[in-house]
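Here's the structure we're looking at; comments come further down.
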């Protein structure tokens with residue numbers, strides 16, 4: 001084995017390519033072929049989209065695991081530990097298993113310069129084969145069509161709401177971006193779209209592949225009934241469902257798409273009961289999605305929102321849970337994000353801004369972020385931790401602090417709290 005720790009493996013993997021993101025499937029396909037990973041014995045559910053992917057993975061994994069299935073899931077990015085990226089059921093796999101998978105892939109790749117993301121994607125599928133999972137859930141990292149995850153054929157494709165993000169790689173309008181997301185679709189395999197406004201390019205691509213298309217508010221729908229909700233599709237419905245445990249106005253939209261996937265799996269012979277669906281919704285937990293934490297200094301809300309659509313959702317969620325005091329924001333963002341538009345959306349509901357760079361080579365500078373904020377109450381700091389701790393010491397108990405802008409932002413602030421150390 002070349003290395004015995006994940007940290008050493010990652011440092012070496014990142015040295016194989018000059019850039020962190022290298023789109024394309026040929027490298028992954030060649031190595032996957034060598035490892036006999038391209039024809040899995042289990043069905044694959046692939047999830048692409050701009051927002052809602054993580055929540056959808058969580059709902060699906062919960063419901064399927066409660067149904068007695070051995071579920072493999074591959075997500076990105078992680079929040080605290082790299083191991084979060086690969087799970088069997090609710091348990092992240094061990095360092096030893098990931099290192100073993102990396103070693104197998106390293107031998108198989110020859111002189112192919114795989115990216116770190118390609119390594120972990122192949123590692124996930126190798127581990128799923130080794131563990132003999134019943135079903136796999138794969139979350140796309142960037143786009144869909146050329147993302148390493150798309151090396152593997154989706155038996156069901158789930159496309160969550162789409163907005164402008166990663167414009168330099170995917171395009172600067174919803175139609176172009178949705179075409180990249182729709183790349184996960186496969187011939188004659190069902191496609192589920194949770195967006196209320198499905199783009200023409202998704203419809204055209206599904207039609208070209210003869211892939212059955214199930215769209216929110218068309219082939220399936222839901223109704224918010226206050227304390228409960230209901231869901232319907234042709235040939236099936238669920239009434240008096242418990243509200244999802246995950247906070248946020250868009251979680252019913254995410255859960256609705258997941259129930260369409262569940263319905264399709266039931267049609268394919270999987271035994272998934274209403275009781276397991278209810279339990280899966282109620283037991284769902286995921287850090288950094290409008291996550292409220294009661295600290296000694298008062299309420300803090302952690303949200304990984306980093307694009308305009310997520311910012312609109314965050315604004316609605318803040319409006320739906322007002323506080324008596326001020327709202328302070330701790331923010332750090334990556335330089336490929338539309339920080340100007342994100343800040344413009346949230347400007348009216350934030351009283352003071354506390355800006356810092358992220359612990360990432362892709363970080364936007366605090367100076368640049370500050371230029372996009374039209375407020376007199378802006379401070380910059382050397383790190384997210386410094387910004388978070390400073391405002392926590394200065395705030396009033398009736399104030400709230402909202403930490404957003406990136407997974408990096410949320411992770412650094414959360415680890416400053418003792419319960420997450």
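The values are calculated or read from the model by the stated rules, or taken from the named source; none is laboratory data. This is a predicted model, so every value here is computed, not measured. Reconstructed Cβ throughout: ideal geometry from the backbone, glycine too, with neighbour counts over all protein chains shown.
Looking at segment 381-414 only, could you name the residues that are surrounded by fewer than 17 Cβ atoms within 10 Å (Cβ to Cβ) and touching a helix residue (DSSP H, G or I) at 6+ places or on another chain (Cβ under 8 Å)?
383, 385
Quick one: count up the residues across segment 265-275 that are within 19 Å of residue 192 (Cβ to Cβ) and surrounded by fewer than 21 Cβ atoms within 10 Å (Cβ to Cβ).
Of the residues in segment 265-275, 6 are within 19 Å of residue 192 (Cβ to Cβ) and surrounded by fewer than 21 Cβ atoms within 10 Å (Cβ to Cβ).
Quick one: which of 411, 387, 366 is free of Cβ contacts under 8 Å to residues at least 40 places away in the same chain and in the same structural domain as residue 324 (by TED's automatic domain parsing)? Give the steps one after another, and end with the answer.
Working: 411 fails: free of Cβ contacts under 8 Å to residues at least 40 places away in the same chain; 387 fails: free of Cβ contacts under 8 Å to residues at least 40 places away in the same chain.
Matching residue, one of 411, 387, 366: 366.
Does residue 348 meet the test of being in contact with a helix residue (DSSP H, G or I) (Cβ under 9 Å, 6 or more places away or on another chain), modelled with pLDDT under 95, in the same structural domain as residue 307 (by TED's automatic domain parsing) and not in a loop (DSSP other than H, G, I, E, B)?
Yes; evaluated as a whole, the condition is true for this residue.
Assess whether residue 292 counts as being surrounded by fewer than 19 Cβ atoms within 10 Å (Cβ to Cβ) and either within 25 Å of residue 417 (Cα to Cα) or touching a residue at least 60 places away in the same chain (Cβ under 8 Å) (or both). Full working, then the answer.
Numbers: surrounded by fewer than 19 Cβ atoms within 10 Å (Cβ to Cβ): yes; either within 25 Å of residue 417 (Cα to Cα) or touching a residue at least 60 places away in the same chain (Cβ under 8 Å) (or both): yes.
Yes: the conditions hold for residue 292.
Do you know which of the residues in segment 117-137 that are under 18 Å from the mean Cα position of the chain (by Cα) and in a helix (DSSP H, G or I) is nearest to residue 62 (Cα to Cα)? Give the derivation first.
Going residue by residue through segment 117-137, those that are under 18 Å from the mean Cα position of the chain (by Cα) are 117-118, 120-121, 124, 136-137.
Retained after the next criterion (residues that are in a helix (DSSP H, G or I)): 117-118, 120-121, 124.
Details: 117: 25, 118: 26, 120: 22, 121: 21, 124: 19 Å.
Filtering segment 117-137 for residues that are under 18 Å from the mean Cα position of the chain (by Cα) and in a helix (DSSP H, G or I), the one nearest to residue 62 (Cα to Cα) comes out as 124.
Would you mind finding the one in 245, 188, 210 that is part of a loop (DSSP other than H, G, I, E, B), within 18 Å of the chain's Cα centre (by Cα) and not assigned by TED's automatic domain parsing to the domain that holds residue 308? Lay out the reasoning, then the answer.
Details: 188 fails: within 18 Å of the chain's Cα centre (by Cα); 210 fails: within 18 Å of the chain's Cα centre (by Cα).
Only one candidate passes the filter, namely 245.
Given the structure, is residue 305 part of a loop (DSSP other than H, G, I, E, B), touching a helix residue (DSSP H, G or I) at 6+ places or on another chain (Cβ under 6 Å) and either closer than 30 Å to residue 262 by Cβ or not assigned by TED's automatic domain parsing to the domain that holds residue 240 (or both)? Explain how you work it out, then say what you get.
Working: part of a loop (DSSP other than H, G, I, E, B): yes; touching a helix residue (DSSP H, G or I) at 6+ places or on another chain (Cβ under 6 Å): yes; either closer than 30 Å to residue 262 by Cβ or not assigned by TED's automatic domain parsing to the domain that holds residue 240 (or both): yes.
Yes: the conditions hold for residue 305.
Per-residue answers, yes or no, for (1) crowded, with 18+ Cβ neighbours inside 10 Å; (2) assigned by TED's automatic domain parsing to the domain that holds residue 265; (3) touching a residue at least 60 places away in the same chain (Cβ under 8 Å):
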{"position": "63", "(1), (2), (3)": "yes, yes, yes"}
{"position": "83", "(1), (2), (3)": "no, yes, yes"}
{"position": "93", "(1), (2), (3)": "yes, yes, no"}
{"position": "101", "(1), (2), (3)": "yes, yes, no"}
{"position": "107", "(1), (2), (3)": "no, yes, no"}
{"position": "113", "(1), (2), (3)": "no, yes, yes"}
{"position": "118", "(1), (2), (3)": "yes, yes, yes"}
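So which of 280, 257, 248 ends up being buried (at least 16 other Cβ atoms within 10 Å of the Cβ), in contact (Cβ under 8 Å) with a residue 40 or more places away in the chain and on the phi > 0 side of the Ramachandran plot?
It is 248.
Would you mention how many residues in segment 191-207 are in a strand (DSSP E or B), touching a residue at least 60 places away in the same chain (Cβ under 8 Å) and more than 23 Å from residue 242 (Cβ to Cβ)?
Adding up the residues that qualify gives 1.
Just to be sure, is residue 87 surrounded by fewer than 23 Cβ atoms within 10 Å (Cβ to Cβ) and in the same structural domain as residue 271 (by TED's automatic domain parsing)?
On the way: surrounded by fewer than 23 Cβ atoms within 10 Å (Cβ to Cβ): yes; in the same structural domain as residue 271 (by TED's automatic domain parsing): yes.
Spelling it out, residue 87 is indeed surrounded by fewer than 23 Cβ atoms within 10 Å (Cβ to Cβ) and in the same structural domain as residue 271 (by TED's automatic domain parsing).
Which of the residues belonging to segment 353-368 are in contact with a helix residue (DSSP H, G or I) (Cβ under 7 Å, 6 or more places away or on another chain) and either assigned to a loop (DSSP other than H, G, I, E, B) or at pLDDT below 95 (or both)?
Let us first name the residues in segment 353-368 that are in contact with a helix residue (DSSP H, G or I) (Cβ under 7 Å, 6 or more places away or on another chain), namely 354-360, 364.
356, 357, 358, 359, 360, 364, listed by residue number.
Checking the condition surrounded by 18 or more Cβ atoms within 10 Å (Cβ to Cβ), within 21 Å of the chain's Cα centre (by Cα), touching a residue at least 40 places away in the same chain (Cβ under 8 Å) and assigned by TED's automatic domain parsing to the domain that holds residue 124, which residue from 24, 52 passes?
That would be 52, the only listed residue that is surrounded by 18 or more Cβ atoms within 10 Å (Cβ to Cβ), within 21 Å of the chain's Cα centre (by Cα), touching a residue at least 40 places away in the same chain (Cβ under 8 Å) and assigned by TED's automatic domain parsing to the domain that holds residue 124.
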